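Undergrad: My structure is below; once you've seen it, I'll send some questions.
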Amino acid sequence: MYLSPRSRLILIRFLSLLGILGFSLFLLSISMDVQVSQQPKEDVYSVWALPPEHVSERVKKLMVALRSEFGGPEFEPHVTVVGAIRLTEDDARDKLNKASEGLKVYNATVEKVATGTFFYQCVFLLLHPTTQVMETGEHCWAHFGYKSPTPYMPHLSILYADLTEEEKKRAQEKANALDESIETLSFPITRLALYKTDTEDKTLKSWEKVAEVTLQHN
């Protein structure tokens, strides 16, 4: 096909323009990829109040006995203060440090062994909602910007599992039988910990402690 010199010039300019446009789009895609990769990674975090070592050991014995019959993953004894919230690690650490600045050691007392309605609240030690306990929860919720459709219910879980109502009742009765004075347990909370807690991972293998702070003594 014959092209006049003018037509060839127009074609060359057009192809050059397409080349420039394609190269520009290529550079733009690289720039967007770099921006995405530079965005800090977010994970799911929770804040736990940690009981003293001797209390943890006592509770762990109960947890082991329940898991031997009803299954479920192993986890550290704790009282959840802030539930699962998605944050960057730096932001989560910063919020924990700032929240702990105004907190003092407080006491937690078990009210009873209770059962819940889902995996992460299968069987637990319900705590008395004392002023100190509730104010600590509210204080930390505010610092983390955490919101929940249900009010704060302080508790220490002793079994994570998907059980029937009958199985939960048996687990509850077994806990009371194994440690008859568990419902009078009282202990100080001197430490808060930041844990990575992906709630989609029911094996808990990805869960890990990220940071820990010590509360001020009264």
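Undergrad: Out of the residues in segment 54-68 that are aliphatic (A, V, I, L, M) and farther than 19 Å from THR190 by Cα, which is surrounded by the fewest Cβ atoms within 10 Å (Cβ to Cβ)? Walk me through it before giving the result.
TA: Of the residues in segment 54-68, the ones aliphatic (A, V, I, L, M) are 55, 59, 62-66.
With the extra rule that they be farther than 19 Å from THR190 by Cα, the set shrinks to 62-66.
On the way: LEU62: 21, MET63: 21, VAL64: 12, ALA65: 18, LEU66: 23.
Among residues in segment 54-68 that are aliphatic (A, V, I, L, M) and farther than 19 Å from THR190 by Cα, the one surrounded by the fewest Cβ atoms within 10 Å (Cβ to Cβ) is VAL64.
Undergrad: Test each condition in (1) part of a loop (DSSP other than H, G, I, E, B); (2) open to solvent by 30 Å² or more (accessible area, probe 1.4 Å) for ASP201 and report the one that comes out false.
TA: Failed condition: (2).
Undergrad: For segment 152-185, which positions are closer than 18 Å to GLY137 by Cβ and not hydrophobic (A, V, I, L, M, F, W, C)?
TA: Narrowing segment 152-185 to residues closer than 18 Å to GLY137 by Cβ: 152-157.
Matches in segment 152-185: TYR152, PRO154, HIS155, SER157.
Undergrad: Also: Could you list all residues from segment 82-109 that are open to solvent by 20 Å² or more (accessible area, probe 1.4 Å), within 19 Å of LEU50 (Cβ to Cβ) and polar (S, T, N, Q)?
TA: Answer for segment 82-109, where residues must be open to solvent by 20 Å² or more (accessible area, probe 1.4 Å), within 19 Å of LEU50 (Cβ to Cβ) and polar (S, T, N, Q): ASN97, ASN107, THR109.
Undergrad: Is there any pair linking a residue in segment 79-96 that is farther than 22 Å from TYR152 by Cβ to one that is surrounded by fewer than 21 Cβ atoms within 10 Å (Cβ to Cβ), with Cβ under 6 Å and at least six apart or on different chains, and which?
TA: These pairs meet every condition: THR88/PRO40; THR88/GLU42; ARG93/ALA211.
Undergrad: Could you list, in sequence order, all residues of segment 170-198 that are under 20 Å from LEU50 (Cα atoms), assigned to a helix (DSSP H, G or I) and either over 28 Å from the mean Cα position of the chain (by Cα) or among the hydrophobic types (A, V, I, L, M, F, W, C) (or both)?
TA: Selection gives ILE182, THR184.
Undergrad: Could we say that GLN172 is in contact (Cβ under 8 Å) with a residue 40 or more places away in the chain, more than 22 Å from PRO73 (Cβ to Cβ) and not acidic (Asp, Glu) here? Steps first, answer last, please.
TA: Working: in contact (Cβ under 8 Å) with a residue 40 or more places away in the chain: yes; more than 22 Å from PRO73 (Cβ to Cβ): no; not acidic (Asp, Glu): yes.
So GLN172 does not fit the description; no.
Undergrad: Considering (1) more than 30 Å from SER100 (Cβ to Cβ); (2) in contact (Cβ under 8 Å) with a residue 40 or more places away in the chain, say which one GLY145 fails and leave the rest.
TA: For GLY145, the failing item is (1).
Undergrad: Still on this structure: With respect to VAL110, determine if the residue is within 22 Å of THR197 (Cα to Cα), touching a Leu at 6+ places or on another chain (Cβ under 8 Å), in a strand (DSSP E or B) and among the β-branched types (Val, Ile, Thr).
TA: Values: within 22 Å of THR197 (Cα to Cα): no; touching a Leu at 6+ places or on another chain (Cβ under 8 Å): yes; in a strand (DSSP E or B): yes; among the β-branched types (Val, Ile, Thr): yes.
For VAL110, the condition - within 22 Å of THR197 (Cα to Cα), touching a Leu at 6+ places or on another chain (Cβ under 8 Å), in a strand (DSSP E or B) and among the β-branched types (Val, Ile, Thr) - is not met.
Undergrad: Sticking with this structure for a sec: Within segment 153-161, is even one residue farther than 20 Å from LEU50 by Cα and either in contact with a Cys (Cβ under 6 Å, 6 or more places away or on another chain) or of a type outside the set (A, V, I, L, M, F, W, C) (or both)?
TA: Within segment 153-161, the first condition is being farther than 20 Å from LEU50 by Cα, and the residues that meet it are 161.
Adding the requirement that they be either in contact with a Cys (Cβ under 6 Å, 6 or more places away or on another chain) or of a type outside the set (A, V, I, L, M, F, W, C) (or both) leaves 161.
Yes, segment 153-161 contains a residue that is farther than 20 Å from LEU50 by Cα and either in contact with a Cys (Cβ under 6 Å, 6 or more places away or on another chain) or of a type outside the set (A, V, I, L, M, F, W, C) (or both).
Undergrad: If TYR146 passes every condition in (1) within 13 Å of ALA49 (Cβ to Cβ); (2) within 15 Å of the chain's Cα centre (by Cα) but one, which one does it miss?
TA: (1)
Undergrad: Let me ask something else about it. Restricting segment 110-127 to residues that are out of contact with any helix residue (DSSP H, G or I) (no Cβ under 8 Å at 6 or more places or on another chain) and among the hydroxyl-bearing types (Ser, Thr, Tyr), which is most open to solvent (accessible area, probe 1.4 Å)?
TA: Selected residue: THR117.
Undergrad: Turning to a different aspect of this structure: Give the residues of segment 140-169 that are surrounded by fewer than 16 Cβ atoms within 10 Å (Cβ to Cβ) and either assigned to a helix (DSSP H, G or I) or in contact with a Ser or Thr (Cβ under 8 Å, 6 or more places away or on another chain) (or both), sorted by residue number.
TA: Answer for segment 140-169, where residues must be surrounded by fewer than 16 Cβ atoms within 10 Å (Cβ to Cβ) and either assigned to a helix (DSSP H, G or I) or in contact with a Ser or Thr (Cβ under 8 Å, 6 or more places away or on another chain) (or both): ALA142, GLU165, GLU166, LYS169.
Undergrad: Another question, if that's okay. I'm told LYS112 meets every condition in (1) within 23 Å of PHE144 (Cβ to Cβ); (2) touching an Asp or Glu at 6+ places or on another chain (Cβ under 6 Å) except one. Can you identify the failing condition by its number?
TA: (1)
The values are calculated or read from the model by the stated rules, or taken from the named source; none is laboratory data. Just so you know, these numbers come straight off a predicted model, no measurement behind them. Cβ: placed from backbone, ideal geometry, glycine included. Neighbour counts: every protein chain shown. These area figures cover heavy atoms from the full protein model, side chains too; ligands, DNA and RNA do not enter into them. Shrake-Rupley method; radii C 1.70, N 1.55, O 1.52, S 1.80 Å.
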